[in-house]
1. Does Gly387 meet the test of being away from ligand 3 (no atom under 12 Å from the Cβ), at pLDDT 95 or above and within 24 Å of Thr580 (Cα to Cα)?
2. Given the residues Tyr366, Tyr396, which is the only one that is assigned to a helix (DSSP H, G or I), over 20 Å from Phe519 (Cβ atoms) and among the aromatic types (Phe, Trp, Tyr)?
3. Among the numbered criteria (1) more than 11 Å from ligand 2 (Cβ to nearest atom); (2) in contact with an Asp or Glu (Cβ under 9 Å, 6 or more places away or on another chain); (3) hydrophobic (A, V, I, L, M, F, W, C), which single criterion is violated by Leu650?
4. Do we have Ile340 as within 13 Å of ligand 1 (Cβ to nearest atom), in contact (Cβ under 8 Å) with a residue 24 or more places away in the chain and not assigned by TED's automatic domain parsing to the domain that holds Ala657 here?
5. So, Pro82, is that one over 26 Å from the mean Cα position of the chain (by Cα) and either crowded, with 22+ Cβ neighbours inside 10 Å or outside the structural domain of Val210 (by TED's automatic domain parsing) (or both) or not?
6. Return yes when Arg24 is surrounded by 24 or more Cβ atoms within 10 Å (Cβ to Cβ), touching a residue at least 40 places away in the same chain (Cβ under 8 Å), touching a strand residue (DSSP E or B) at 6+ places or on another chain (Cβ under 6 Å) and in the same structural domain as Gly170 (by TED's automatic domain parsing) and no when it is not.
7. Given (1) small (Gly, Ala, Ser); (2) under 26 Å from Ala199 (Cα atoms); (3) out of contact with any His (no Cβ under 6 Å at 6 or more places or on another chain), identify the lone condition not met by Gly70.
8. Step by step: first the residues of the range 486-545, then only those that are farther than 24 Å from Thr607 by Cα and β-branched (Val, Ile, Thr), then the one that is nearest to ligand 2 (Cβ to nearest atom). Which residue is that?
Amino acid sequence: MSNTSAYPHLLAPLDLGFTTLANRTLMGSMHTGLEEEKNGFDKLAAFYEARAKGGVGLIVTGGISPNMRGRLAPFGCELSKPWHVNKHKKITAAVHKYDTKICVQLLHAGRYAYHPFSVSASKVKSAINPFTPAEMSVRQIKGTIKDFASSTRLAQKAGYDGVEIMGSEGYLINQFACTRVNKRTDEWGGSIENRMRLAVETIKAVRERVGEKFIIIFRLSMLDLVEGGNTWEEVVTMAKAVEAAGATIINTGIGWHEARVPTIATSVPRAAFTWITERMKKEVSIPLVTTNRINTPEVAEDVLANGHADMVSMARPFLADADFVNKSAANKSNAINTCIGCNQACLDHVFKQQRASCLVNPVACYETELTFEKTPTKKNIAVIGAGPAGLAFSVYASQRGHKVTMFDRADEIGGQFNFAKQVPGKEEFYETLRYFNEQIKLNDISLQLSQEVSADDLIKSGFDEVVLATGIVPRQLDIKGIEHPKVKSYLNVLRDKQPVGQKVAIVGAGGIGFDVACFLAEDESLSTDLEAWMKNWGVDKDYNEPGALITNPDFHKTEREIYLLQRKTTKVGAGLGKTTGWIHRATLQKNGVNMIPGVTYKEVNDTGLVIDIDGKEKTLEVDNVIICAGQQSERSLHQTLVDANVSVHLIGGANVAAELDAKRAIRQAAELAATI
Ligand code: FAD
Ligand code: NAP
Ligand code: SF4
């Protein structure tokens, strides 16, 4: 039974006339990679069913193409033939066991299609795709409109409650709508009336094919955030035409994929773009959905209570926690596993053609494979280390019925997350720690903080199993002068808050080197001050320019002189996340950080850091040298325990330090907990 008083606006039903949505939550479209896997639709059905059971009002599936040319990738999913219907019925039947509606998203990729058969309004290649699209003939355009309509009819047969027509993020319909790609001189190009014709005719054709009692969501690009994007007046003209053509709901689209403005990464302030939906509310009368970086029920409630929209779309938050809505309704928002906006297991996977999941919830998209059955044999388990690996293991193992005691030498849980959360733009890491603190209470885990555990203690205590989640120690370097007082480790900076001078060299340009550079360079207020953040990324909230971009933005630049160094000769930051690395690089570039590859470290002395680049010696005159040169496993307890025949397991950094991240630490912990 839902408690609508907890979040009255979020949990209020939405009457669409011919059908009613249980609440104001829309699970936004996410491609998971299961769409193309063998037997993937059985797993997809379980994935969506879990979210429906968790109380989502309306689900929109990952994008599916209405025809061959519109596929995102050569073997991308298509809904265009009668024999495609049956597998979709698995999804709709699973979702309709609950009071949840589901729409399939129809997405024609246009020039974003990653294959040689891509088409678009004009023959204009995107900088983020190697394939140049062919210009569509009028016959092809009309054929595509028919394909959208046929696909929708198939969706109806498959039991979907509606479709979402993808008109934003720089896909085909958006390409037609903007002069950035649309250079046509026929009735499909030129004026906004011509450029939006594809959107309008598609909606009309779809409506005609499926009748009045079928949800049509149109995802409208309200902010293109690219040069050659639409003006606000053009966006409004299009919204009104979309409404008149028969759409039931308009969903907000923010930014083309090729835009150089971050739109969903963790450093984007929460609910950063709802103001644009609010502005549109004055122009149309059908329900509007707002979106981007809304990740807690409190934020969602505020957005709705302030009248910014009629519904809130959250995509990744439902990967992170399938029960988001039910927990909100039960007033247990502290128990929600919050999406931290890292993209590491979701978008980064999808862009590498891997199955999506979630860093904080490794069960996402593995609902039928990673399960936690009640144990027939309750064990007494010691977990050493309350970092992400130890925490995740303890929660899952105790949920299975084991008795878990978790030790950490620190006086708080979280391990390295306590250093990560200090970095501007990584404040969401606090939420993961809040979640785990709550789970420790809910699952009756015995937590022993400020306890340095020795192998002898463990041997004497007689635990059935010992799990070493002791993490890592920073790598020590063998450079002449490394003991000079100006040398610091990243822990001295992020944990001990030791003062750092105005001129700094950072040794090592991995994730932590970038984070330390950002910590030293970036203006902290940018993650909380929305106006300042918008200006810093060149977004024109007044919408005076097409695409809402400021022509000559005035970026924040640090007063520090910072050098970020690596030995490799590849581009600095090349190993960062697929969808977020460019943001980290751009942040440092804007701050004037010098990123230098191909460095050999010679010596630290009173003047600074002596390096060698291309055989030329150079001294960087710096006040501090900060070492961020990777890490080594901390497993000093392991061998003694093995020798004493204790049943011992290594997880997270204690297991393998190379290329360690929290995604791997948490998944490995969950997999051990499922089987121990
Ligand atoms: P740890 O987090 O290192 O935890 C180990 C714990 O064991 C510690 O709390 C320690 O006190 C305790 N311990 C060790 N020995 C003992 C003992 N004998 N007795 C008691 N307690 C003991 N990863 C990402 O995926 N994404 C990011 O964006 C990201 N950003 C980061 C930013 C920074 C600045 C840093 C430092 C790390 C970042 N990481 C990030 C890495 C991530 O935090 C680690 O991969 C993760 O914390 C590893 O988890 P773990 O549980 O294996 O080890
Ligand atoms: P890392 O990513 O492995 O980077 C280590 C850096 O140190 C590299 O730049 C490496 O470059 C350099 N290095 C390695 N050995 C060295 C040596 N002997 N002397 C000098 N330089 C050396 O490790 P990290 O930065 O410590 O990060 C640890 C983990 O945390 C990473 O695996 C990462 O996934 C995770 N993390 C992720 C994020 C994120 O945003 N996703 C952020 C922070 C951390 P060269 O060898 O070229 O010099
Ligand atoms: Fe959110 Fe990161 Fe999980 Fe993606 S992987 S859903 S961004 S927490």
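1. Values: away from ligand 3 (no atom under 12 Å from the Cβ): yes; at pLDDT 95 or above: yes; within 24 Å of Thr580 (Cα to Cα): yes.
Yes, satisfied.
2. Values: Tyr366 fails: assigned to a helix (DSSP H, G or I).
Checking each option against the conditions leaves just Tyr396.
3. Unmet for Leu650, out of (1) more than 11 Å from ligand 2 (Cβ to nearest atom); (2) in contact with an Asp or Glu (Cβ under 9 Å, 6 or more places away or on another chain); (3) hydrophobic (A, V, I, L, M, F, W, C): (2).
4. Details: within 13 Å of ligand 1 (Cβ to nearest atom): yes; in contact (Cβ under 8 Å) with a residue 24 or more places away in the chain: yes; not assigned by TED's automatic domain parsing to the domain that holds Ala657: yes.
Criteria met by Ile340.
5. On the way: over 26 Å from the mean Cα position of the chain (by Cα): yes; either crowded, with 22+ Cβ neighbours inside 10 Å or outside the structural domain of Val210 (by TED's automatic domain parsing) (or both): no.
Considered against the rule, which asks whether it is over 26 Å from the mean Cα position of the chain (by Cα) and either crowded, with 22+ Cβ neighbours inside 10 Å or outside the structural domain of Val210 (by TED's automatic domain parsing) (or both), Pro82 comes out as no.
6. Values: surrounded by 24 or more Cβ atoms within 10 Å (Cβ to Cβ): yes; touching a residue at least 40 places away in the same chain (Cβ under 8 Å): yes; touching a strand residue (DSSP E or B) at 6+ places or on another chain (Cβ under 6 Å): yes; in the same structural domain as Gly170 (by TED's automatic domain parsing): yes.
So Arg24 fits the description; yes.
7. (3)
8. Ile512
The values are calculated or read from the model by the stated rules, or taken from the named source; none is laboratory data. Small disclaimer: the values here were computed from a predicted structure and weren't measured. Note that each Cβ is placed from the backbone with ideal geometry, even for glycine, and that neighbours are counted across all protein chains shown.
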